[in-house]
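Following: one structure in structure tokens, then a few remarks.
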Amino acid sequence: MIVAMSRVLIVGPKIISAEVIRLLHKMGRLHITPVKNQGALHPAVLDSGEAVVKHTMDRLQQELDGLLTVLGFQGRPAQAALPADWENLLAHLVVQRAEINQLIKQKLDLADELALIENYRAAFEALSPLMSKLEPSRRIKAFGFMAKLQESAAVDALQKELRKLTEGRVEFYRHQVDEKKLAVLAAFHIGDEEKIKGFFTKAGVNELKLPSTVASLNMAEAVSQLKEKSRRLPEMISETSKRISEISRQEGPVFEAYRLMAGDELARLQAKEELPEGRFTFYLQGYLPAEDLPVLKELLFKKFGDQVSVKEIEIGPRDGGKTPVMLKNNPLVKPFELLLAIFNPPQYGSIDPTPFVAIFFPIYFGFIIGDVGYGAVLGSVSLFLFFKFKAKEIFRSLAIIFILCSFWAVVFGVIYGELFGEVGEHLHIIAPLTENLNRMKKGSVFLLLGVSLAFGLIQVFTGLIIALINGIRHRDRHHILEPTAFMAALLSIFGLIGCLAGLLPQALLIPAIAGLVASAGLMVGLVGVAGPIEIFGAVGNILSYSRLFAIGLSAVYLAFAANKLGSLIGASGELWAVILGTVLAAVLFHPLFFAIGLISPIVQPARLQFVEFFTKFKYFDNPGKQYKPFKTKGGK
């Protein structure tokens, strides 16, 4: 449900505005909203000391954001006291960030050097015997390069062109480094060096050069050093990573605490800047839960006496869009707020749809799955996840949702007589309540289709009743008459169908027609010529609930297919085949088909809530405002 809110105007001497803001911040219940600057009112201006503090906090947050980013820290803040000197802390953080940046740079440089060595070490090892022999020669030079193994034909073409260019004074030596790379060494006369290097440059071939750290050594020594570096560099990188991780582990929680504290200081200063002030007073407006209003008054009076006054301002029927919304539901309904969290909250003064979603969504899920075995497995997994991740709200909420869904899956499984498909019935463990509820029989089609449409009728009318109540609460004549016309039109249409089908007395035929005409006329007056079309759109919304029956039918046939595959494997009757078929059906086919079929029982009931149900009371046309209390996030 939506928590009752109070709108308050707080007025006091502007000389104590900062203290009032600090008290409200610590209380953490007031959602501050702007007050119009009018007449002699103007935005507050920070004094010189506060301006310096704000500048320091801005810089501090930048430093802390940078530190936490480079450290990769994403944990919880430590319990820390406010620093005695923010400027001193900032200077200390600048030094720490420089030291950490140096470690990060060192790690990246080592990683780059290792990548370079690993990329070319094998090539140098392959070519080094020949290159070592060529090194003492004053007349023979060499040019090494890497090529892809699939580019052997291109290497042949290069050799052919260079032989033409040098009149045969060049030789190519090749060595396959791995399954993808080829090391190539071109040996040539020193007199052709300029021509050959120019040719390779034009061809876009890069020379294979030793890393700068070993470039001054002869080839044998260089390759030996590269091997040694290849062995040592991973250890050095690991050691540097450990040092960074240790800093993150020790200092990260403290940095995060300081970041939150700095954010709190900035939030208080920004709140003061947005306060309208007169010559001597400040004005602060906000909303808080009505039950917290006495606490607010008591705190302010205890701290400031009669200097600060709190005036409650009435929230009118037209103020719903401006009033922040806080939801408060019981433990079984609250998890379903997660499904609504992707949208804006309901408008203040309207009905919270969360309890209705908590009723309809699990029932529809159970109606579709309808299997005692599947429901029990899903419930067991959900219970395990609930206790495993009890401390994490999102996982806890999802677990509760699926526990409720699995409960209804078991309930409908008992009604349908299904335990892993038809297995329970074959073993005489379970049976449908009546033969017309056996989803594998033709006789169930019209009954279960009718139940699906009944769900639609109930939920669409529930949505229209919610719209009517919301219209009454907001004193909006249009939103009172429109759902009334919809309900009258739908009742008239179903009455007309019942009369024509012989299910209702013929005496109701004329009243049904008159009701439909009157409702259509009212809709034309309310929304124009499209009004009557919207009435039949609502009929389409009800018919849309037939998907519950269709998807449920596909779910039972997936279970049947899993059992059928198992029985086909064991069709020979031999013991090993029967055991193999049973095991495969239990551990492979049923889990696989259940996982495949689990998407629609989640998506389609959710779609029915958001499209068919929520649109009936115009949830998306009249969004609410999220309650965001002004509260501290940092340490003590």
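The values are calculated or read from the model by the stated rules, or taken from the named source; none is laboratory data. As the structure is a computational prediction, the values presented were derived from the model and not from experiment. Positions of Cβ are generated from backbone atoms using ideal geometry, with glycine treated the same way; all protein chains shown enter the neighbour counts. Note: accessible area is taken over every heavy atom of the protein model, side chains too, but ligands, DNA and RNA are not part of it. Shrake-Rupley method; radii C 1.70, N 1.55, O 1.52, S 1.80 Å.
Per residue, the chain exposes an accessible area of 53 Å² to a 1.4 Å probe, with every protein chain left in place.
Taking amide H as placed 1.01 Å from N in the peptide plane, PHE282 has its amide H under 5 Å from the amide H of GLY12, LYS14, each at least 5 places away in sequence or on another chain. Per-residue surface analysis assigns LYS564 an accessible area of about 100 Å², computed on protein heavy atoms at 1.4 Å probe radius. Taken along the Cα-to-beta-carbon direction at a fixed 7 Å, the label points for ILE140 and ILE359 span 9.4 nm. Excluding GLY75 itself, what net charge comes from residues whose Cβ is under 10 Å from its Cβ, given Lys and Arg +1 and Asp and Glu -1? That works out to +1. Cα centroid separation, region 63-123 to region 556-607: 53 Å. Multiplying the residue separation of SER238 and ILE394 by 0.36 nm and removing their Cα-Cα distance gives an extension gain of 52.6 nm.
Residues of region 178-209 with amide nitrogen under 12 Å from the 7 Å Cα-to-Cβ point of ARG169? Residues 188-196 fall inside that zone. Compared with the direct C-alpha span, the chain from LYS322 to SER152 gains 54.0 nm at full extension, assuming 0.36 nm per residue. Once both labels are positioned 7 Å from their Cα atoms along Cα-to-Cβ, the gap between GLN626 and GLN270 label points is 1.4 nm.
Which of the trypsin sites (Lys or Arg not before Pro) found in region 445-488 are loop residues per DSSP with 12 or fewer other Cβ atoms within 10 Å of their Cβ? Those that pass, being in a loop and sparsely packed, are ARG475. Dividing the summed -39500 (n - 2.57) terms of all DSSP H runs of n ≥ 4 by the residue count of the chain sets its mean residue ellipticity at 222 nm at -20500 deg cm²/dmol. A Förster radius of 41 Å combined with the Cβ-Cβ distance from ARG249 to ILE533 puts the calculated FRET efficiency at roughly 0.05. Distance from the C-alpha centroid of region 280-295 to that of region 419-466: 53 Å, rounded to the whole angstrom. Between ILE15 and GLU161, full extension at 0.36 nm per residue minus the direct alpha carbon distance yields a gain of 43.8 nm. Element breakdown for the chain at a 1.4 angstrom probe: carbon and sulfur atoms account for 61% of the accessible area. With r defined as the distance between the Cβ atoms of GLN106 and GLU207 and R0 fixed at 25 Å, what FRET efficiency is calculated, to the nearest 0.05? According to the calculation, E is roughly 0.30.
A Förster radius of 56 Å, combined with the Cβ-Cβ distance separating HIS189 from GLN96, puts the computed FRET efficiency at roughly 0.45.
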